[in-house]
Each structure stands twice: as C-alpha cells, then as structure tokens.
1. What is the spin-label model distance, in nm, from K357 to D194 if the labels are put 7 Å beyond Cα along the C-beta direction?
2. If contacts are Cα pairs under 8 angstrom and at least 6 residues apart, what is the relative contact order of the stretch 321-396 in percent?
3. For the stretch 49-205, just say rounded, prolate or oblate: build the C-alpha gyration tensor, square-root its eigenvalues into a ≥ b ≥ c, call rounded for a/c under 1.5, and beyond that prolate if a/b exceeds b/c, oblate if not.
4. When the chain is treated as a GNM, springs tying every alpha-carbon pair under 10 Å, which of W11, W65, W305 comes out with the largest mean-square fluctuation?
5. Considering the chain as a Gaussian network with a 10 Å cut-off on Cα pairs, which listed residue, D76, D336, D257, attains the greatest mean-square fluctuation?
6. When the expected Rg is taken as 2.2 N^0.38 Å, what fraction or multiple of it is the alpha-carbon Rg of the stretch 332-394?
7. For the stretch 241-349, with every protein chain kept in place, what is the accessible area per residue (1.4 Å probe, Å²)?
8. If contacts are Cα pairs under 8 angstrom and at least 6 residues apart, what is the relative contact order of the stretch 54-200 in percent?
Amino acid sequence: LERFARQYREWQPQAVRVVATSALRDARNQQEFRERAAAAVGATVEIISGREEARLIHLGVVTRWPRRENSLLLLDIGGGSAEVTWSEQGAIRYSTSVPLGAVRLTGNFLRHDPPEPEELLELEEYIAQQFAASLRRLGPRRSARTIGTSATAAAVVCAVNRIPRSDREEADGRRARLFEIRRLYRELISLDADARRRLPGIGPRRAEIIIAGAAVLRYFVEHFTTGALYYSQAGLRDGIIADLAVRRVTSQEAALDAGQRRTVAEMARRYGVPAAHARHVAALARSLFLGLASLHRLPLEYARWLEAAAWLHDIGHYVSSTRHHRHSGYLVVHSDLPGFTDREKLLVANLCRYHRKALPDTTHEHFRLLEPEDRQAVERLIPLLRIADGLDRGHR
C-alpha cells in the first residue's frame, strides 16, 4: 500500500477513494487494519457494503461495455463474497451480496485435492441455499445480457476459449456457454492443483480456488440465464474511477443525482415517511441553502446532503415518535445507502439527529466522528433544515 501510494502521489490525483470489501467486512481486527492501511496510503479506508460494491461494479461495467444494453445481469465473484445485480435501462432494480467468494468456499468445503464427492455435494448444496432468495426474486432473466466480472469469470472464459492467461485481455467481451462451463467444471474437479495450473487461462494462484469459483458460476448460469455468460474486464476499480469522475464533474451541483435520490426516496418510503412532506421539505431546504449562500458560505455540495437529510429526517417515527430525531440519526448511520460514502452518510445522519430539540455537542458520538469542517457545516445546515421542516409542519 505504501508503494502504491508513492506511485499515485507522483500523478497528483484530484481525488482518491480507498475502499475495502468482504474480507474487511468480516475481519475481527478491521479497526486495526483500517488504521494501519490509512496511515500507509494517506487516506481514509472506507469499508463499503455489499450493495455499494454491487453498485460500483455495475457502474464500472456500464461505463466500459461497448454496447448499450436494455437489461443487464451481473455476477462478480470475489474472494469472500459474490455480488448479483440486475438493471434495466441503466437503473439498478435488484442487487445483493452473498457469501460465495471463491476463497471462502474453498476454505470451508474443499479439504482434499482433488475434492471428494461428499465435499462437492456440500459445496453445491450451500451455493443453491445462498442463491435461493435471489432466484425467487429474479428467476431466469431471459432478456438480460449476462456478464461476469472478476478473476473467476476471466479464468473460466479463458479456459473454454483456450486463451492463455498472459493474453487475458483478449477474453474481454468473449462468451462461455453453459455446456462449456459444465464440461470445464467436470474437468476441474477431476484434476489436482498442479494439473489445473496447466489449463489455459487458469494460472498458479487461481488453480487453488477455481473449483469453488467455477461451481458458483455454473449454478448462476444454469438457473439465472438463458445459457451463456460474457466476460467484462471492468469491475469495482473501474466503478470507483467512474464514480469519482461523476462526483468531480457534478460537485458544483447543489442536488442529489438520480441514483442517490432514488436511494433516499426508497428508504423514506420503507419507513413510512409521507412522500409529499419529504419532497417538499427537501425543496424548501435546497431553496434556503441557495438563497442564504452568502451567509453560510458552504460549498455547494453540502446542499446535496441537506436534501438527503430532508428526505430522511422523519424515518425515526417508525421506531417511536418519542425522540424520533435520535432514531432517525441512528437508522441512517446503520443503514446501507448505496451511492453515499461513509463520510456523506455520517453527515446526513447528524443532520437528521439535530433537525429538532438539542443542538450538536462534541460529547455526542456521531457528531464527534465528523471532521472539523463537517462539524461546522452541520452546525450551519441545521437551522436550514429546521426552518424547512417548520414551514411544512402540518405535512400538507
């Protein structure tokens, strides 16, 4: 990480985002690792949720896929988890993260090399169990272009198309059909690691975990698709780059983007917030922010987090009307908000927490976690949210 940081500092990047995924989500020593990693790279290490990971992977694929698809079904098999995403017209309709990473499954199920039949049976039953909820929700998406990302998909597509691992870039956009994947899987489970390494596209390190990854891929293609999967080189890193680019371009716009607004509107609906009230308070808060810009002197991007808080400030009523502002802040902090970074989510949570009653205090845990400039921003934004909410007190 230190070597990587030295490299990118030479390029003088305009923005840096460091994210951690499944391995760190599950790690017992995640806080220690985050602190040491942050010191190494000189930036905050953000542990993203499975849904945010899926969103970024989808964004990376959409950005780089050469054709515009009406419907996309994505599978990304990592080391600890697999992300499934279905979108239509570029908008994500369903996404989930399941504990079907190739490293995790290999360690949990495959104790012999080649694996014993009983081990394979347990592995395949577990895969079916983990995919059951998604299968009920999605079923076969016959009209969707099915795309696999990550090294497992690359290895499988390379192997069935006889593409050497050194030429893996040639696999981008290539296809693996179901009968080819089944045939490869039968071959893989009959070979030991040394023999698997010699297969085209597999390589020495992938050979150790390819059986588990191929088992997940085979099940997915069998049950969710019409019988084929394409490979895309794009993935999480491409999505992060595309997301940073979009944020950089739109950082001067004082409004949530379509995806962020969809996220907060869906959350507000889920917790029973009247949509008309939330929408009206959001519009009033944004108007106040712009009209009073010469007084609060905050960068325009803060208007976006004010708008998000306006949508979510009343979700705490779902828990209790007593101290609902505290419940709102708590729910935001502990919810999955795809499209929002950890910092942005904490900003929104604090605005919800202080939209009524007590003002911020550094003895309050979530306020204390904010950076100094964000604390100052929250103190200046709270009056705007309170006024906007007060102007629609009757929810009419």
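1. 6.9
2. Reported relative contact order: 28 percent.
3. It is oblate, given that a/c is not under 1.5 and a/b is not larger than b/c.
4. The residue that fluctuates most here is W11.
5. Sorting by GNM fluctuation, first place goes to D257.
6. That works out to 1.13 for the stretch 332-394.
7. I get 46 Å² per residue for this part.
8. Computed over the stretch 54-200, the figure is 22 percent.
The values are calculated or read from the model by the stated rules, or taken from the named source; none is laboratory data. Remember, it's a predicted structure, so these values are computed and weren't measured experimentally. Reconstructed Cβ throughout: ideal geometry from the backbone, glycine too, with neighbour counts over all protein chains shown. Calculation scope for accessible area: heavy atoms of the full protein, side chains included, ligands and nucleic acids excluded. Shrake-Rupley method; radii C 1.70, N 1.55, O 1.52, S 1.80 Å.
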